[in-house]
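The values are calculated or read from the model by the stated rules, or taken from the named source; none is laboratory data. Here the structure is a predicted model, which means the values were calculated and not measured. Cβ atoms come from the backbone with ideal geometry, glycine included; neighbour counts cover every protein chain shown.
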Amino acid sequence: MPGSRPTKAPSAVFAGQGTTIFTVMSALAQDHEAINLGQGFPDDDGPLAIRERAARALIEGPNQYPPMRGLGVLREAVARHDKRFYGLDLDPATQVLVTSGATEALTDAFLALLDPGDEAIVFEPVYDSYRPMIERAGAKAVSVRLEPPGWALPRAALEAAFGPKTKLIVVNTPMNPCGKVFSDGELELIAGLCAAHGAYVVGDEVYEHLTFDGRRHRPLLSWPGLADRALKIGSAGKTFALTGWKIGYLSGAAEVIDAVARAHQFNTFTTSPALQIAVAEALDSPASYFEQLRAELERKRDFLAAGLARIGFRVLPSEGTYFLSCDYSGLALTGPADEVCMTLTRDARVAAIPLSAFYGDADCGPYIRFCFCKRDEVLAEALARLAAYVQHRPG
């Protein structure tokens, strides 16, 4: 039309992101009929009793909008869970919020707590949704880099990252992608700095029940001085192998939860009542369920780690989560980590994720991540394919 102008550009934050590495590698795995040890989802579909409860609730109802903050039965179950495992005394009516997955919980927290010009501290390697959502809230993500193979928290760098603009810090423990569980000393340092600077703590604790070798999770919300400024985010997807259900929950001080709920009401508003009812019953599972879950994932970790080490990978410690990180430099695999992962997917038909995807500058060395929350026969076949590829690859 005469005088019309070109359509304005979309949001620069998302336009510069591209497609997530998980989508890219999963699609490549499908194209090459590869075993997908990249994206972190279990092979099994979660406990049958929980799925049957959701099916009954779907038929019996209710199937209309549940309360914005979540069904009372689930908020009460979250409060009981946090009391049983961590000694937290929470009012389910005011201190618990249900969301459509933990990623929504993170987004709601960032939108609720951050203003343009604020700064939010994140640890690299960093889960890929943090940075774009912090930036979309108008804030700046300030990275503190943890280095392989030990992933130790650099005290001086963390202290330097805090400043007058620091509004919050995101602490992912157990940590995706590297499997780090923050020590009590590290958490104490973080808590002290947050108290000194008046900063919030967003605790991404979705792997809370997947800690290994006798470790136990300790939420930031339980630390002295953080009760009024910390959020604890949990996920039914990780705890009950129901990642497709997208049921997350936040616990925290009433004033902080109230702020996050204001963002949540304009985001998804609420989530499936049938799934909420089923997750409420799941959270009341006996202690044996959670112990068996931990023991089974630890066994799978050890199985995959031993097999990768026999092949020639240098396997880094994994203290929790679904994931193992490896150094491939001893195998004469050449090129950056993303190219190596694509080569393994195409030629060995086993998909992994480059750790470079979790660093802002995409330079972290020869490290890739495998997921071990798969059936034993799937892990065994993946190891057989990798061993055959390494043994017979040209050169």
Report task. Return yes when residue 144 is β-branched (Val, Ile, Thr), over 24 Å from residue 274 (Cα atoms) and free of Cβ contacts under 8 Å to residues at least 40 places away in the same chain and no when it is not. Result -> yes
Query raised in the report: Can you name the residue in region 323-355 that is among the hydroxyl-bearing types (Ser, Thr, Tyr) and more than 18 Å from residue 381 (Cα to Cα) and is also modelled with the lowest pLDDT among such residues?
Result: 334
Report summary line: Scanning region 363-384 for residues that are under 19 Å from residue 39 (Cβ atoms) and part of a loop (DSSP other than H, G, I, E, B) gives 372, 373, 374, 375
Report task. Give the number of residues within region 3-25 that are assigned to a helix (DSSP H, G or I) and hydroxyl-bearing (Ser, Thr, Tyr). Result -> 1
Query raised in the report: Do we find that residue 192 is outside the structural domain of residue 318 (by TED's automatic domain parsing) and at pLDDT below 95 in this structure?
Result: no
Query raised in the report: From the set of residues in region 326-341 that are outside any strand (DSSP E or B) and among the acidic types (Asp, Glu), which is surrounded by the most Cβ atoms within 10 Å (Cβ to Cβ)?
Result: 338
**Report entry** Residue list for region 71-95, filter: of a type in the set (A, V, I, L, M) and either within 16 Å of residue 281 (Cβ to Cβ) or at pLDDT below 95 (or both)
**Finding:** 71, 73, 74, 77, 78, 79
Report summary line: Filtering region 163-177 down to residues that are in contact with a Leu (Cβ under 7 Å, 6 or more places away or on another chain), over 11 Å from residue 122 (Cα atoms) and at pLDDT 95 or above yields 167, 174
Query raised in the report: Within the bounds of region 44-52, is there any residue that is more than 26 Å from the chain's Cα centre (by Cα) and assigned by TED's automatic domain parsing to the domain that holds residue 138?
Result: yes
Query raised in the report: Any idea which of 94, 107, 103 is polar (S, T, N, Q), in a loop (DSSP other than H, G, I, E, B) and out of contact with any Cys (no Cβ under 6 Å at 6 or more places or on another chain)?
Result: 94
Report task. Being closer than 23 Å to residue 228 by Cα and of a type in the set (Asp, Glu) is the filter here, so list the residues in region 85-142 that pass it. Result -> 89, 91, 104, 108, 115, 118, 119
**Report entry** Residue in region 145-155 that is closer than 24 Å to residue 257 by Cα and either outside the structural domain of residue 258 (by TED's automatic domain parsing) or of a type outside the set (D, E, K, R) (or both) present
**Finding:** no
Report task. Can you give me the number of residues within region 211-230 that are free of Cβ contacts under 8 Å to residues at least 40 places away in the same chain, surrounded by 18 or more Cβ atoms within 10 Å (Cβ to Cβ) and either in contact with a Phe, Trp or Tyr (Cβ under 6 Å, 6 or more places away or on another chain) or over 30 Å from residue 258 (Cβ atoms) (or both)? Result -> 1
Query raised in the report: Does residue 235 meet the test of being among the small types (Gly, Ala, Ser) and closer than 24 Å to residue 83 by Cα?
Result: yes
Query - Qualifying residues in region 113-164 (those that are farther than 30 Å from residue 254 by Cα and in contact with a helix residue (DSSP H, G or I) (Cβ under 6 Å, 6 or more places away or on another chain)) - the one surrounded by the fewest Cβ atoms within 10 Å (Cβ to Cβ) - result: 153
Requested in this report: Considering only region 231-302, give the helices (runs of 4 or more DSSP H) lying wholly within it that have at least 3 residues that are surrounded by fewer than 19 Cβ atoms within 10 Å (Cβ to Cβ) and in the same structural domain as residue 214 (by TED's automatic domain parsing).
Outcome: 254-264
Query raised in the report: Quick check, is residue 274 of a type outside the set (D, E, K, R) and within 16 Å of residue 238 (Cβ to Cβ)?
Result: no
Query raised in the report: Quick one: how many residues across region 175-210 are surrounded by fewer than 18 Cβ atoms within 10 Å (Cβ to Cβ) and polar (S, T, N, Q)?
Result: 1
Query raised in the report: Would a scan of region 314-325 turn up a residue that is in a helix (DSSP H, G or I), under 22 Å from the mean Cα position of the chain (by Cα) and within 27 Å of residue 292 (Cβ to Cβ)?
Result: no
Query raised in the report: residue 128: within 17 Å of the chain's Cα centre (by Cα), among the charged types (D, E, K, R), under 24 Å from residue 245 (Cβ atoms) and outside any helix (DSSP H, G or I), yes or no?
Result: yes
